[in-house]
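Take a look at the structure below.
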Amino acid sequence: MEILIAILVLSFLGLLFGIGLAVASRRLAVQVDPKLEAVQHLLPGSNCGACGNPGCFGFAENLLSGKATIDGCRVCSDEIRQKIANLMGLAAAKQVKKVATLHCGGGLKVKDKYIYSGVEDCVAANLVLGGQKSCVYACLGFGTCVKSCPFSAISMSPEGLPVVDMKKCRACNKCVLACPKKLFSLVPAASNVYVACSSHDLGKDVRAVCPVGCIACKLCEKACKFDAIHVIDNLAVIDYHKCTSCAECVKVCPTKTIRIRE
């Protein structure tokens, strides 16, 4: 009899608590804007944080509240942006597709000034006299950019340099922010020519530490018919608004610093 009473009491309490939870869930339920769920569903869901918001849900909330704009999501395609714009009754401008580009071609070719045996991280290595490379602008080769990429678009080559997979790259800007040497930039995907160097040293100093660095010879300037490349502060700089990817600068570069993206 005592066991039966205990079972009945527990059953009654379970039923009572269940009814209480059901009532509370209805009364305390947070109403979610249907548009919020629809926008979040359209977003890539990578939660990369490149937009400056705490994930895709945070971006969707700020978008609906007017604190963010549709083009704030770097990794969305134009098609997705247009769908979000239609959903919200806004206009979405098409963006130029960009891809992360490394401005260093040194890698193992660059001489080391000391043997680094610390944490294998570019940021950590850079804290020790600017890194182990003789060129202060050189890629340190520890792959911090690889770890920072949420789309697995970067890998390390046998030459000790990061390689960007253009098909996977979403121009999220993570590698640009992660590199302590500021060697990455977002370049229009339609432009195949880039400068694989970031050194502002004099030509003779560049040659002393790296065989593929820019020596500011200005041959590229003379070869370009579109005034799209100029040597500024000892470094060739491409104006991608003018560049036609004719590759004339690539042909005349004596150190093969100016290259065609594969």
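The numbers here are math on the coordinates, done by the rules we state, and not lab data. Computed from a predicted model, the values in this text were never measured in an experiment. So basically every Cβ, Gly included, is an ideal-geometry build from the backbone, and we count neighbours across all protein chains shown.
Could you pull out every whole DSSP H run in the chain that spans at least 27 Å of Cα extent along its own axis and averages 1.6 or higher on the Kyte-Doolittle scale? Write out the running numbers ahead of the final one.
Working: long enough: 2-27 (38 Å, 1.87).
Within the chain the helices that satisfy the rule are 2-27.
With each run of n ≥ 4 DSSP H residues scored as -39500 (n - 2.57), what mean residue ellipticity at 222 nm is computed for the chain after dividing by its residue count and rounding to the nearest 500 deg cm²/dmol? Could you put the intermediate results ahead of the total?
On the way: 10 runs with 89 residues, N = 262.
It lands at -9500 deg cm²/dmol.
Distance in nm between label sites at E37 and E2, each 7 Å beyond Cα in the beta-carbon direction?
5.1
What list do you get for I84, I260 if you sort them by fewest beta carbons within 10 Å?
Details: I84 21, I260 10.
Ascending Cβ contact count within 10 Å gives the list I260, I84.
Please build a GNM for the chain, connecting alpha carbons under 10 Å apart, and tell me which residue among V39, V128, V209 fluctuates the most.
V128
May I ask you to derive the FRET efficiency for D205 and I80 from their Cβ-Cβ distance with R0 = 45 Å, giving the value to the nearest 0.05? Don't skip to the end; give the middle numbers.
Values: r = 47 Å, r/R0 = 1.05.
So the FRET efficiency works out to roughly 0.45.
Using 1/(1 + (r/R0)^6) with R0 = 51 angstrom and r between the beta carbons of L129 and S46, what's the FRET efficiency to the nearest 0.05? All intermediate terms of the calculation are to be shown ahead of the outcome.
Numbers: r = 36 Å, r/R0 = 0.71.
After rounding, the FRET efficiency stands at 0.90.
May I ask for log10 I(q)/I(0) of the stretch 105-186 at q = 0.22 Å⁻¹, from a Debye sum over the Cα atoms as equal point scatterers with solvent left out?
The Debye formula, applied to the Cα set alone, gives -1.02.
Here are some values of volume of the Cα convex hull per residue in Å³: (1) 115; (2) 127; (3) 204. Which one was computed from this structure?
Here volume of the Cα convex hull per residue in Å³ agrees with entry (3).
Using the Cα centre as the reference, give the magnitude of the dipole from point charges on the C-beta atoms of the stretch 105-186 (Lys, Arg: +1; Asp, Glu: -1; all else neutral), rounded to the nearest 20 debye.
Numbers: 11 positive and 5 negative charges, 48 e Å.
Dipole magnitude for the stretch 105-186 comes out near 240 debye.
Which order do peptides 76-82, 134-140, 178-184, 239-245 fall in by mean Cβ count within 10 Å, highest first? The partial results should precede the final answer.
Details: 76-82: 15.9, 134-140: 23.6, 178-184: 19.7, 239-245: 14.0.
Final packing ranking: 134-140, 178-184, 76-82, 239-245.
Shape call for the stretch 1-141 from the C-alpha gyration tensor, a ≥ b ≥ c root eigenvalues: rounded (a/c under 1.5), prolate (a/b greater than b/c) or oblate? Please report the intermediate quantities before stating the final value.
Values: a/c = 5.01, a/b = 1.74, b/c = 2.89.
Taking the square roots of the gyration eigenvalues as a ≥ b ≥ c, the stretch 1-141 is oblate.
With r as the distance between the Cβ atoms of D233 and K67 and R0 = 25 Å, compute the FRET efficiency 1/(1 + (r/R0)^6) and round to 0.05. Mind dumping the intermediate values first?
Numbers: r = 38 Å, r/R0 = 1.52.
FRET efficiency, K67 to D233: 0.05.
Using a ≥ b ≥ c from the Cα gyration tensor of the stretch 34-88 (square roots of the eigenvalues), is it rounded, prolate or oblate, where a/c under 1.5 gives rounded and otherwise the larger of a/b and b/c decides, a/b for prolate?
Working: a/c = 1.38, a/b = 1.14, b/c = 1.21.
Rounded, since a/c falls under 1.5.
For the residues I258, I70, I5, what sequence is obtained by ranking on other C-beta atoms within 10 Å, fewest first?
Numbers: I258 25, I70 20, I5 9.
So the ranking, lowest neighbour count to highest, is I5, I70, I258.
Starting from 0.36 nm per residue, how many nanometres of slack lie between V136 and A247 once their C-alpha separation is accounted for? Intermediate values should be presented prior to the final figure.
Details: separation 111, 0.36 × 111 = 39.96 nm, distance 2.81 nm.
Full extension of this stretch gives 37.1 nm more.
Please list the non-local residues whose amide H lies under 5 Å from the amide H of S185, H modeled 1.01 Å from N, same-chain partners needing a gap of 5 or more.
T101, H103
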